[in-house]
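Asker: Sharing a structure here in structure tokens format.
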Amino acid sequence: MELLERTRILIEESRLFASIISEGPEGPEDPAAMAFSMIHNKTMITQEMLQSYYRMWTSDRVYEVDEDRLSSEMTERVVYLSKMLFIEVLSAIEYSAKNVCSKRAPELEESSHLRSIMRESFQLGIMTEARNREWNDIITIRNLAVHNNSVSDRSKRCQIGDVKISMRPNRMMKGPLYTFVELSRLAMGYYYEWLGSLIALDKEMSI
């Protein structure tokens with residue numbers, strides 16, 4: 001199942017990023033490393049639940065609903081779980097980014113939320129316009145998932161990594177089944193990239 005494979009990759013990459021950041025002077029208590037650890041734990045829980053549904057899906061058990069309805073209900077459960085993971089991942093990144101800014105980037109400290117942090121980072125020249133556009137799309141999708149039940153309030157087609165998402169007013173956003181898991185992985189990778197740019201800026205300014 002592709003969704004489980006993408007979840008496995010997210011777990012491995014979060015563990016790797018946490019390990020790399022933990023080798024720094026602040027060790028595992030570095031707020032940046034803690035974000036990856038939180039993502040790892042949330043993804044592990046999601047994977048366990050997805051595996052449980054997958055076993056139900058592929059078992060010989062007979063259900064009292066027809067196959068099409070069962071498939072639809074299972075898909076809804078999977079989308080819900082992966083959406084909750086995506087929301088948790090963005091929450092961990094936003095919380096960590098604020099703490100990182102307060103310690104390493106006073107010029108970004110006044111930014112009160114993730115979108116403004118990434119916008120200011122772009123204006124400082126440590127992020128490309130294309131990456132800032134992807135961050136804006138990721139955050140918009142997160143906000144719609146949290147506040148609008150994933151129902152779009154605009155017409156837009158966007159691509160983040162290899163994920164293509166279609167939005168139409170007053171309709172659910174459309175994308176592949178793995179959309180939220182893959183967006184979680186991409187957001188985490190872009191956050192790791194942002195940390196590297198921030199560290200490079202800090203070294204440059206201290207010279």
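Asker: Which pairs have Cβ atoms under 8 Å, sit 6 or more apart or on different chains, and link a residue in the stretch 119-130 that is touching a residue at least 40 places away in the same chain (Cβ under 8 Å) and closer than 16 Å to L195 by Cβ to one that is of a type outside the set (A, V, I, L, M, F, W, C) and not in a loop (DSSP other than H, G, I, E, B)?
Answerer: Close Cβ pairs satisfying both conditions: S121/N132; S121/S197; L124/E107; I126/S197; M127/S121; M127/S197.
Asker: Related question: Within the stretch 132-146, identify whether any single residue is at pLDDT 95 or above and more than 18 Å from the chain's Cα centre (by Cα), and answer yes or no.
Answerer: Checking the stretch 132-146: not a single residue is at pLDDT 95 or above and more than 18 Å from the chain's Cα centre (by Cα).
Asker: Sort out which residues of the stretch 12-37 are buried (at least 19 other Cβ atoms within 10 Å of the Cβ) and of a type outside the set (S, T, N, Q), and write them in order of number.
Answerer: Correct list: F17, A18, I21, D30, A32, A33, M34, A35, F36.
Asker: Determine if the stretch 119-126 includes at least one residue that is among the aliphatic types (A, V, I, L, M) and either in a loop (DSSP other than H, G, I, E, B) or crowded, with 20+ Cβ neighbours inside 10 Å (or both).
Answerer: Here is the first cut: in the stretch 119-126, the ones among the aliphatic types (A, V, I, L, M) are 124, 126.
Filter once more, so that each one left must be either in a loop (DSSP other than H, G, I, E, B) or crowded, with 20+ Cβ neighbours inside 10 Å (or both): 126.
Yes, there is a match, as at least one residue in the stretch 119-126 is among the aliphatic types (A, V, I, L, M) and either in a loop (DSSP other than H, G, I, E, B) or crowded, with 20+ Cβ neighbours inside 10 Å (or both).
Asker: Among the residues of the stretch 12-24, is any among the polar types (S, T, N, Q) and at pLDDT 95 or above?
Answerer: Yes, there is a match, as at least one residue in the stretch 12-24 is among the polar types (S, T, N, Q) and at pLDDT 95 or above.
Asker: Suppose we filter the stretch 138-181 for residues that are in contact (Cβ under 8 Å) with a residue 40 or more places away in the chain and either polar (S, T, N, Q) or under 16 Å from V89 (Cβ atoms) (or both); how many remain?
Answerer: 11
The values are calculated or read from the model by the stated rules, or taken from the named source; none is laboratory data. Here the structure is a predicted model, which is why all the values come from computation and not from measurement. No Cβ is skipped: glycine too gets one built from the backbone with ideal geometry, and neighbour counts run over all protein chains shown.
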